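The values are calculated or read from the model by the stated rules, or taken from the named source; none is laboratory data. Computed from a prediction, not measured in an experiment: that's the story for all the values here. Reconstructed Cβ throughout: ideal geometry from the backbone, glycine too, with neighbour counts over all protein chains shown.
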Amino acid sequence: MKIIYMVNKLSKTSIPWRWTDYFNKKSKYNQIELLEVKFLKSRWNDLKNKTDIVHGHHIKAMALFLFSNKVLKKPTVYTVHGSYLFLSKSNALLLKLIFKLSNKIIFVNQMLYDVLPKEYKKIIEGKYEVILNGVETDYKYVKSDVYKKFNIDSSDTICFHPARFVTEKNHIRLISAFEPLIKNNSKIKFILAGDGKLKGEIQAHVKALNLEKNVIFLGLIERDEVYSFLERCDLFLMPSISEGLNIAFLEAISMKTKVLVSDIEQFTYPLKAYGLDAEALNVTFVNPLDEEAMSKGILSALEKEQQLAYDCSDFSLVSMMKKYEEIYKELVKRGVNV
């Protein structure tokens, strides 16, 4: 089957890009292509004559495609990666349209469904599923000396946080939580990888607390560099106030890195769903709204003995891929009424 992943723009760090790359290497049944919405018109004939399913991952891109789909009449899947609670009013309205016009809706975490208004749940009744995200548990990354590249002292205590600079990622509180730790131990370094609309505000907060020497901004880095940090860092941090099912979190677990995340259901649910023990996976949970609790949690996580005995098969991308493939087959088999 030929499947199009409809996205706003291409990014080698995004979930759709990773899934496309992996599925095309591993799947026996499907060929997947990423398509930016701006190329919708120029690729019209391919969509009409050579595409079996269109799978959307971004709200605006999928909404625009679904308007066109009145003519194309292709089976459609939409995966919800983020929380309804953090949508703009316009995106919330577009999501309702997507729910009405898509043939199948997938949530990457149960909480993403639970927080929906009742009217949204009614629209998708009988046509949604929860499929937890997966990761490449045996990812063959190109190792590099990221400490040398980014001028990081290997004798420092490195806490690594790769995330977009947006409200949900909780940077301001997290930086405040680091202030007393750094004052007590100047060897603690907080490494931020990423970019986003709140970068200026976050940098200003670092400056106001006089933490410029200990909070390091890397900007956007390559995926293999993320893995190199996960291999070497003392602690991976992701105390978000909202998530879908964070891929970096699962990758950190797969690398047996010590992890600190927020005690929100988006992080706790996957472990409960698979019957996994957080301690055995090096995971520490904290209240993301309590800076003092985060400070204590960071110290506690750093002091814990690193566990190395578990496997990560529950979070395998192979398992996730098979579930999506069954959905694709079923949609093509029964046909759709667009």
Among the residues in the range 192-210, are any out of contact with any Lys or Arg (no Cβ under 8 Å at 6 or more places or on another chain), part of a strand (DSSP E or B) and at pLDDT 95 or above?
yes
Here are Ala208, Ala273: which of them is assigned by TED's automatic domain parsing to the domain that holds His171, surrounded by fewer than 16 Cβ atoms within 10 Å (Cβ to Cβ), out of contact with any Gly (no Cβ under 9 Å at 6 or more places or on another chain) and closer than 17 Å to Phe190 by Cβ?
Ala208
In the list Asn91, Asn49, Asn45, which residue meets the criterion of being surrounded by 15 or more Cβ atoms within 10 Å (Cβ to Cβ), outside the structural domain of Asn246 (by TED's automatic domain parsing) and of a type in the set (S, T, N, Q)?
Asn91
List the strands (runs of 3 or more DSSP E) that sit entirely inside the range 234-320 and contain at least 3 residues that are under 28 Å from Lys140 (Cβ atoms).
235-238, 259-262
Within the range 21-39, how many residues turn out to be within 15 Å of Tyr139 (Cα to Cα) and either in contact with a helix residue (DSSP H, G or I) (Cβ under 9 Å, 6 or more places away or on another chain) or crowded, with 18+ Cβ neighbours inside 10 Å (or both)?
3
Residue pairs meeting the criteria (Cβ under 6 Å; at least 6 apart or on separate chains; first closer than 17 Å to Lys189 by Cβ, in the range 217-230; second in a helix (DSSP H, G or I) and among the aliphatic types (A, V, I, L, M)):
Glu225/Val146; Ser228/Val146; Phe229/Val146; Leu230/Ala252
Would you pick out the residues in the range 120-148 that are touching a residue at least 12 places away in the same chain (Cβ under 8 Å) and part of a helix (DSSP H, G or I)?
Tyr120, Ile123, Val146, Tyr147
Given the condition under 30 Å from Asn287 (Cβ atoms) and surrounded by fewer than 22 Cβ atoms within 10 Å (Cβ to Cβ), answer yes or no: does some residue in the range 64-75 qualify?
no
So, in the range 301-319, of the ones that are charged (D, E, K, R) and touching a residue at least 40 places away in the same chain (Cβ under 8 Å), which residue ends up surrounded by the fewest Cβ atoms within 10 Å (Cβ to Cβ)?
Asp311
Could we say that Lys256 is at pLDDT 90 or above, out of contact with any Lys or Arg (no Cβ under 7 Å at 6 or more places or on another chain) and either at positive phi or in the same structural domain as Ser14 (by TED's automatic domain parsing) (or both) here?
yes
